[in-house]
1. How far apart, in nm, are the 7 Å Cα→Cβ label points at ASP136 and LYS239?
2. So between SER110 and GLN171, what do we pick up on full extension, going 0.36 nm a residue minus the alpha carbon distance?
3. Assuming R0 = 30 Å, can you tell me the calculated FRET efficiency for the pair ASP96 and LYS61, based on Cβ-Cβ distance, to the nearest 0.05?
4. Return one whole number: the accessible area per residue of the stretch 126-274 in Å², for a 1.4 Å probe.
5. Please list, in chain and number order, the residues 5+ apart from PHE176 or on another chain whose amide H is under 5 Å from its amide H, with Hs placed from the backbone.
6. Between beta-carbons, use under 14 Å as the cut-off and find the net charge around PRO73, counting Lys and Arg +1, Asp and Glu -1.
7. Answer rounded, prolate or oblate for the stretch 71-198, using the Cα gyration tensor with square roots of eigenvalues a ≥ b ≥ c: rounded when a/c is under 1.5, else prolate when a/b is larger than b/c, else oblate.
8. Packing-wise, with mean Cβ within 10 Å as the measure, how do 87-94, 227-234 rank, highest first?
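The values are calculated or read from the model by the stated rules, or taken from the named source; none is laboratory data. These figures come from a predicted structure and were not determined experimentally. Glycine gets a Cβ as well: all are built from the backbone with ideal geometry, and neighbour counts include every protein chain shown. Accessible surface areas use protein heavy atoms only, side chains included; no ligands, DNA or RNA. Shrake-Rupley method; radii C 1.70, N 1.55, O 1.52, S 1.80 Å.
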Amino acid sequence: MSASAKTLTIADRTLNGGWTVVLPRRGRRKPLPRIRSLEQQPWAPSDLEIDPIRKSKLIHKMQICMNKIESSPFYHTLMDQIQTPEILGHFYRVLDSESKMQMVIYGIGSIESYETPRLQLSLAILLKKKLNWIGDIEVFDPILSATESQVLEALGCSVISVNEQGQRCAQKPTMFFMPHCEAELYDNLLRANWRVDLLNRVVLFGNSFETYEQHVSEFKNSVVVDTARHILGIRQFTKEFRIKTVSDDYFGAFHDSSWHFFGPVLETELRQYI
């Protein structure tokens, strides 16, 4: 797609430390096991009571976090990175003829209990605010409370009412915002989109896949090996851009995080892993 076809402008956890995966030995590739789709069940917060005082306090905490990030060198460095011609080119490719890219946030954690999830959510909301090609934001974590769910709605997000187990198929351009999720969740996402037409619609913000690959030789007996094979299988077809945390204030929330874009890849190259 040519640059004239669309203009992108600036409008204003791992399983037991799930970096422990094993790379197949050199030579003939070990095929991925056939894994049945995980059951997706309706979900609702376990506590149904909304506390207005908690809600007000949490919205205030989120506003503080968003202001903190928006004025930080970390945020400005990240925005500069997104606007480089190379990365913008990858976003152009994923958007194709669409004007908006939806955002799906998995595994955000408790935004009421911890600052790290608040910082991560704040960044996601700021990206939508600044990038006019980001559309609706959907959020899911099974630990979200009813109060947290209402705060998310107040911040312009919608809470997913089904536990998708990370298996959302990208039927349209989608940014999956998944900092520090479990390896199994990334693998579920890749497995659900293990087709060329689907992978072409995916942008992933999450743990560095390169780091997974670098660590595999140290943990040859990892129990995670069978839940992270798609991560390793997609590595050769992944263009990864690491982000810079810039300061210690954001290290805990975003260390070892990257943008991931997938392709070019042929369907025949994917079939060897299924």
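1. Using points 7 Å along Cα→Cβ, the separation is 2.9 nm.
2. Extra length available between SER110 and GLN171 comes to 19.1 nm.
3. So, using R0 = 30 Å, E works out to roughly 0.20.
4. For the stretch 126-274, the per-residue accessible area is 38 Å².
5. Long-range HN contacts for PHE176: VAL104, VAL203, LEU204, PHE205.
6. Surrounding charge for PRO73 is -2.
7. oblate
8. Ranking the peptides 87-94, 227-234 by packing returns 227-234, 87-94.
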